[in-house]
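Visitor: This is the structure, below, for whatever I ask next.
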């Protein structure tokens, strides 16, 4: 009887650990993709302004992505999604401005 309860307890802990690990990896992946996308955008802007070559672009991409990941370090998934939605709205506003500008 005690052996069955012990096995059940161990399997419950393993299942709980897998769920926590999966959610942690999911949150980190969302943060990384968000930081990578914004870092790519910032790097393209910097490359066009400063006329960098590919190595400068990679350096700017690495720095921007690392800085954004550092800022997002303590954010939850919801905070990251709200941050992404705000940047999407900013991007749409800039696109609308570019299309409507004379």
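What follows draws every value from the coordinates through simple rules; no lab data is involved. From a predicted model like this one, the values you see are computed outputs, not experimental measurements. Cβ placement follows ideal geometry from the backbone for every residue including glycine, while neighbour counts extend to all protein chains displayed.
Visitor: I'd like to know if region 18-32 contains one or more residues that are more than 21 Å from the chain's Cα centre (by Cα), exposed (fewer than 13 other Cβ atoms within 10 Å of the Cβ) and assigned to a helix (DSSP H, G or I).
Guide: yes
Visitor: For region 49-79, name all the residues that are in a helix (DSSP H, G or I) and either closer than 16 Å to residue 91 by Cβ or within 13 Å of the chain's Cα centre (by Cα) (or both).
Guide: Hits for region 49-79 are 64, 65, 66, 67, 68, 69, 70, 71, 77, 78, 79.
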